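A.B. asks: Just passing along the structure, written as structure tokens.
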């Protein structure tokens, strides 16, 4: 069928192609809101909401109210302010780790997938072994042993982020390599690098985006996990640290109100994770139809 | 089988499509896939609907079979099906329950690529039993012999084929199994969408023969949808040419080939290279231009941008369906002298 | 011979493509025509045999022999795919599909000249007005337009040979002839040779005209010669059966569905074994056929050869759709 779509302005098409479908899907909308909240929390949050450092033992474990929207912690401090102030670390470290992991995974994956043959098999073997290493216990132990700084944790997390993507990318590139339009490029003598980055590359975008999101939330959980278990005490507002104190030091779970606050904390984490993953799913749905030829 | 002469308006067609309109909603607007299709399908005959990609032929069938995707909207028209029991059903207005009652037992549909829709984990025999059971037609005493004779009709050896799985059969054989499965329910109306497209020349030839045999034996009404012009020349009694979602010419196949009335029909037939060309000293002539966009169809007669006979009137208003000769309908201003439908 | 993971795709094929002409290769799917097409442009390596470009042997027995010549010439032998939907990168528009190739092979062009070149190229293949098409994506184009774009891309290297593999098969019937005419125009204007591969015998004959046409079956060429000759005086039972059984738009006096002609519908008598690819379906199969040698042909006319051992002795034949001659 011929010349149907009039060329509307680029911006309008961008809106139609990406923004509208994401907004239309329930997940996309939810995710978008979540991410907006996250960004706000980490950037302007701490300036808007001052950290409550007053110790008011009489207010401890208070339930959510207008004055304290998320209730109070074990020392009567406003939990919302703790959460907002802790968000920077809880978001930033996994973010950096994920970026490093993605870059690493992409390098290995693209190379292995495109070159194929022995190289691919060797690299796949390495990634497979790496994947079977139980990441959390290892990170846990190394975090305990190594100097405790945010950077160390970020690197540790990154170390276990790359293999999954590498393996999947290698498979994806391997299959894309056999497509007709790639064969046409090879026939016309276009360079391998060009084909890899400019022809195959755009097809990998949805893939990488989704992996980024899932890796991010996984790293976030790992980070909170190791802090929760008391291995790497970082910033006291780190959510993991909060949970650590709540559960272990102050035995929050044994107190009715305390349990509520603890589960509230955990729910916040779950909701954020869901939001990020939903957004990535919505984005993926948006990317894929555009790359599928339709007529 | 010669054409029976219709006697006035008393003869009622098996399927009567009147002014069907349907469009797909897409992000750029709406695709007018079916824009005013009026077509009478006679009982006991093979009618072919011929059109190129974008002509709307599959959309048309999906419209009156009510198997449209979610973004489709039926905008008007009726599709009257006259059952052998005397009952008349407007398929467009029929609800899903009625449609389900009709599908299979009254209306058989073999979509494009049907040979790939066989269940890979069931044998041919199991396919038949399941199909008959689902429609409540399984009779332990007689069904097996019916299956045997049906398979023989489609030129498959029952003893060899019944126990086989789909992957053990060739494309042509699978296609015949699908036809047999459809026919075992003895539907009054059978619709086949591109039945020969994926087949090699010999399998295609055999399939045409089989369809002819089936038609002769069961005297059911068949609608054949295809873009392959030569195929319809032999098999179809009547031919309807579809262009940009509307019928531009209908009539007896032989007469249309002998003397196509609509410029598109004439150009389409001349544009197809054939092995016969050398024998009859014919040189194919291309049709200029491109098929129109159904998103923004041209105004007036949709063929006018490519038509060598186009005049001002063709650019502004769409012609009605004229009947310049008995049983021959053309949607073209050139024939405005004749009777209007 | 060519082996591909123990499946013999081609056996003993010898094909010669003359300068500045379009020849046809006809065969059903599975006949090996695509494999042959890809071998000719260097996309696939044959197991044994020789491939020569411009009278220079480049591939022999599975390896490249004249490496420099091969590398500096392979862009002159281009392949155009069948499926216009997968042969173009869906995430790139017309300009981005053509530009990288132009940059590579027309380095001397300035930015402005490059744009002009692309515009003229689009005009040459019939995508006019060029300005309209330049920013369109493949999904905005019809099948015929996409093939024209694939063709444009192939022309940038000023190729010696274009292998057009089923380029009209996925295109509307009314457009096919104009695409073939475009190919003819390219041969005439640029002096390029084109190998037109198709399963559509009618299209193949129209494309080749009086130039050679090769008929393939199961990895072997069964007949070859000037297309007009092969169609009018076929000297192989397979070719005859193909011609006879294809539906033709000639109209007979009454609707009559022709039976299968020249082909055995059911399994053949297993007593005679022959390397002939048509042996299972040939009605003329007999003991003589077991002496067939793949690759050795009988001359049946000027430049016209057949693989059949009975070539030249075949019974008189006419296609079943030809009306009986009057009187």
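The values are calculated or read from the model by the stated rules, or taken from the named source; none is laboratory data. Nothing here was measured: the structure is a model prediction, and the numbers come from that model. All Cβ positions, glycine included, derive from the backbone under ideal geometry; neighbour counts span all protein chains shown.
A.B. asks: Taking region B:69-109, which residues are touching a strand residue (DSSP E or B) at 6+ places or on another chain (Cβ under 8 Å) and surrounded by fewer than 17 Cβ atoms within 10 Å (Cβ to Cβ)?
C.D. replies: B:69, B:71, B:73, B:75, B:76, B:78, B:83, B:88, B:90, B:93, B:98
A.B. asks: In this structure, is residue B:244 at the interface with chain C (Cβ under 7 Å from one of its Cβ atoms) and closer than 26 Å to residue C:180 by Cα?
C.D. replies: The answer is no for residue B:244.
A.B. asks: Now for a separate question. Take region A:50-83 and flag every residue that is surrounded by fewer than 21 Cβ atoms within 10 Å (Cβ to Cβ), out of contact with any helix residue (DSSP H, G or I) (no Cβ under 8 Å at 6 or more places or on another chain) and under 21 Å from residue A:38 (Cβ atoms).
C.D. replies: Hit for region A:50-83 is A:80, nothing else.
A.B. asks: Scan region A:154-189 for residues that are surrounded by fewer than 20 Cβ atoms within 10 Å (Cβ to Cβ) and in a loop (DSSP other than H, G, I, E, B) and report the count.
C.D. replies: Count: 4.
A.B. asks: Specify which of the listed residues (B:55, B:2) is modelled with pLDDT under 90, surrounded by fewer than 14 Cβ atoms within 10 Å (Cβ to Cβ) and out of contact with any helix residue (DSSP H, G or I) (no Cβ under 6 Å at 6 or more places or on another chain).
C.D. replies: The conditions single out B:2.
A.B. asks: To continue, here is another question. Restricting to region A:50-73, and then to whatever is under 15 Å from residue A:237 (Cα atoms) and in a loop (DSSP other than H, G, I, E, B), can you tell me which residue is nearest to the chain's Cα centre (by Cα)?
C.D. replies: A:70
A.B. asks: Kindly list the number of the only condition in (1) in contact with a helix residue (DSSP H, G or I) (Cβ under 6 Å, 6 or more places away or on another chain); (2) closer than 12 Å to residue B:47 by Cα; (3) more than 7 Å from every other protein chain (Cβ to nearest Cβ) that fails for residue B:260.
C.D. replies: (2)
A.B. asks: Need a quick list: helices (runs of 4 or more DSSP H) entirely within region B:175-282 having at least 1 residues that are in contact (Cβ under 8 Å) with a residue 40 or more places away in the chain.
C.D. replies: Helices (runs of 4 or more DSSP H) meeting the threshold: B:201-218, B:229-235, B:253-258, B:263-270.
A.B. asks: What is the residue count in region B:34-52 for residues that are within 14 Å of chain C (Cβ to nearest Cβ) and touching a helix residue (DSSP H, G or I) at 6+ places or on another chain (Cβ under 7 Å)?
C.D. replies: Result for region B:34-52: 5.
A.B. asks: Can you list the strands (runs of 3 or more DSSP E) lying wholly within region C:166-285 that have 1 or more residues being under 17 Å from residue C:80 (Cβ atoms), within 14 Å of chain B (Cβ to nearest Cβ) and touching a helix residue (DSSP H, G or I) at 6+ places or on another chain (Cβ under 9 Å)?
C.D. replies: Filter on region C:166-285 gives C:193-198.
A.B. asks: Does residue A:141 satisfy being on the phi < 0 side of the Ramachandran plot, touching a helix residue (DSSP H, G or I) at 6+ places or on another chain (Cβ under 7 Å) and assigned to a helix (DSSP H, G or I)?
C.D. replies: no
A.B. asks: Do we have any residue at all in region A:197-212 that's more than 14 Å from every other protein chain (Cβ to nearest Cβ), on the phi < 0 side of the Ramachandran plot, in a helix (DSSP H, G or I) and surrounded by fewer than 16 Cβ atoms within 10 Å (Cβ to Cβ)?
C.D. replies: Within region A:197-212 (the criterion being more than 14 Å from every other protein chain (Cβ to nearest Cβ), on the phi < 0 side of the Ramachandran plot, in a helix (DSSP H, G or I) and surrounded by fewer than 16 Cβ atoms within 10 Å (Cβ to Cβ)), the answer is no, since none of the residues qualifies.
A.B. asks: Still on this structure: If you take the residues of region B:112-126 that are assigned to a helix (DSSP H, G or I) and over 25 Å from the mean Cα position of the chain (by Cα), which of them is surrounded by the fewest Cβ atoms within 10 Å (Cβ to Cβ)?
C.D. replies: The qualifying residue surrounded by the fewest Cβ atoms within 10 Å (Cβ to Cβ) is B:126.
A.B. asks: Could you tell me whether residue B:289 is within 13 Å of chain C (Cβ to nearest Cβ) and on the phi > 0 side of the Ramachandran plot?
C.D. replies: So residue B:289 fits the description; yes.
A.B. asks: Let me ask something else. Return the only residue of C:312, C:295 being closer than 19 Å to residue C:13 by Cα, surrounded by fewer than 16 Cβ atoms within 10 Å (Cβ to Cβ), more than 14 Å from chain B (Cβ to nearest Cβ) and touching a residue at least 24 places away in the same chain (Cβ under 8 Å).
C.D. replies: After ruling out the rest, the residue left standing is C:295.
A.B. asks: Moving to a separate point now. Mind telling me which of the residues B:321, B:295 ends up being under 28 Å from residue B:72 (Cα atoms), more than 14 Å from chain C (Cβ to nearest Cβ), buried (at least 18 other Cβ atoms within 10 Å of the Cβ) and at pLDDT below 90?
C.D. replies: Answer to the check: B:321.
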